[in-house]
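A short write-up of the structure that comes next.
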Amino acid sequence: MEAVRDKTVVVTGAGGGIGAALARRFAAEGARVVVNDLDEAKAAKTAGEIGAIAVAGDASAVVPAARAALGGGIDIFCANAGVGTGGGPEASEEDWTLAWDVNVMAHVRAARELLPEWLERGSGRFISTVSAAGLLTMVAAAPYSVTKHGAYAFAEWLSLTYRHRGIDVHAICPQGVRTDMLAATGAAGDLVLTPTAVEPEDVADALFTAMAEGRFLVLPHPEVADYYTARAADPDRWLGGMNHLQRKLEQAEGGRSWGHPHGQRSAG
């Protein structure tokens, strides 16, 4: 893909899952890739497999270190690191803060660092791994759902604000993907996500198709477009359907209506 060949790319949360699949695909297409992950060993493993550069650390602060490692600017940034935090209002302040910090503010901080360079030269590509939860919602996971809505809104804002100045933005919104994060979702994931889960490589394929076609929205599960349309057209009917899923989840868990607070900082 000519839009990628010889470009410099940073992928956060790339020690496994979707992030590793994105890093592998960009490297295979001829890009120079920085693999970022909180887990230094995982970052080094992915980077070693694809001839990339490992830069461990928090995704919120990776841009300066990635620039230094690449010896220059960044052409494409994949804001992929995410945290799956379950529960509802009962989830702790720490869980809510972590979800906001990783799922939203890490994207904002990266854009703050990248935009001056990109706007000056008139080109740049920001790729946000959101989730179908950012378009719809996810049962038993209020912090995740709320912050993924925020991540989608921020990507949308970037696109509408800067597309005429050469900045391309893509929002990846899959449902279930066979990653460690999916495995940590428990009964809610088993009910909603696992039956139609795809491989991380399928997500990378969907992204590259969207880039080739110049599309903002990346849907590895095309049916999400229909759900999104139904949600907008008749919110009460859609909420009724989601409440039906909630009741099925409560039945599966023995009648308990509160969620499972859990946090895992990994590929989104």
Criterion first (of a type outside the set (D, E, K, R), at pLDDT below 95 and either open to solvent by 30 Å² or more (accessible area, probe 1.4 Å) or under 16 Å from the mean Cα position of the chain (by Cα) (or both)) does L158 satisfy it? no
Restricting to the range 44-60, count the residues that are of a type in the set (A, V, I, L, M) and within 17 Å of the chain's Cα centre (by Cα). 1
Return the residue satisfying two criteria in turn: it lies in the range 81-103 and is among the small types (G, A, S) and not in a loop (DSSP other than H, G, I, E, B), and of such residues it is nearest to A187 (Cα to Cα). G87
Name the single residue that is least open to solvent (accessible area, probe 1.4 Å) among those in the range 184-199 being out of contact with any Leu (no Cβ under 8 Å at 6 or more places or on another chain) and closer than 28 Å to V169 by Cβ. V198
Report, by residue number, each residue of the range 86-98 that is open to solvent by less than 10 Å² (accessible area, probe 1.4 Å) and within 27 Å of L22 (Cα to Cα). G86
Filtered residue count, the range 156-168, keeping only those that are assigned to a helix (DSSP H, G or I), without any contact (Cβ under 8 Å) to a residue 60 or more places away in the chain and either within 14 Å of V108 (Cβ to Cβ) or not aliphatic (A, V, I, L, M) (or both): 8
Answer residue from the range 7-28, given it is open to solvent by 40 Å² or more (accessible area, probe 1.4 Å) and touching a residue at least 24 places away in the same chain (Cβ under 8 Å) and is farthest from the chain's Cα centre (by Cα) among those: K7
Taking G124, is it buried (at least 20 other Cβ atoms within 10 Å of the Cβ), more than 30 Å from L249 (Cα to Cα) and of a type outside the set (S, T, N, Q)? yes
Given the condition open to solvent by less than 30 Å² (accessible area, probe 1.4 Å), polar (S, T, N, Q) and assigned to a strand (DSSP E or B), answer yes or no: does some residue in the range 127-144 qualify? yes
Looking for whichever is surrounded by 24 or more Cβ atoms within 10 Å (Cβ to Cβ) and within 22 Å of V169 (Cβ to Cβ) here; the options are V83, V4, V34. Which one fits? V34
Being assigned to a helix (DSSP H, G or I) and open to solvent by less than 20 Å² (accessible area, probe 1.4 Å) is the filter; apply it to the range 37-80 and report the residue that is nearest to L114 (Cα to Cα). V63
All positions within the range 107-121 that are over 12 Å from G166 (Cβ atoms) and open to solvent by less than 10 Å² (accessible area, probe 1.4 Å): H107, A110, A111, L114
Determine the pairs where a residue that is under 14 Å from G134 (Cα atoms), located within the range 206-234, has a partner that is open to solvent by 20 Å² or more (accessible area, probe 1.4 Å) and assigned to a loop (DSSP other than H, G, I, E, B) with Cβ atoms under 7 Å apart, the partner being 6 or more residues away or on another chain. H221/Q175; V224/Q175; A225/L219
Any idea which of A52, A41 is in contact with a helix residue (DSSP H, G or I) (Cβ under 8 Å, 6 or more places away or on another chain), farther than 22 Å from N103 by Cα and of a type in the set (A, V, I, L, M)? A52
Residues satisfying the stated conditions in the range 1-27, i.e. in contact with a Cys (Cβ under 6 Å, 6 or more places away or on another chain) and either at pLDDT below 95 or β-branched (V, I, T) (or both): V11
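The values are calculated or read from the model by the stated rules, or taken from the named source; none is laboratory data. Bear in mind that the values here come from a model prediction, so they are computed numbers and not experimental data. As a convention, Cβ positions derive from the backbone with ideal geometry for all residues, glycine included, and neighbour counts pool all protein chains shown. Note: accessible area is taken over every heavy atom of the protein model, side chains too, but ligands, DNA and RNA are not part of it. Shrake-Rupley method; radii C 1.70, N 1.55, O 1.52, S 1.80 Å.
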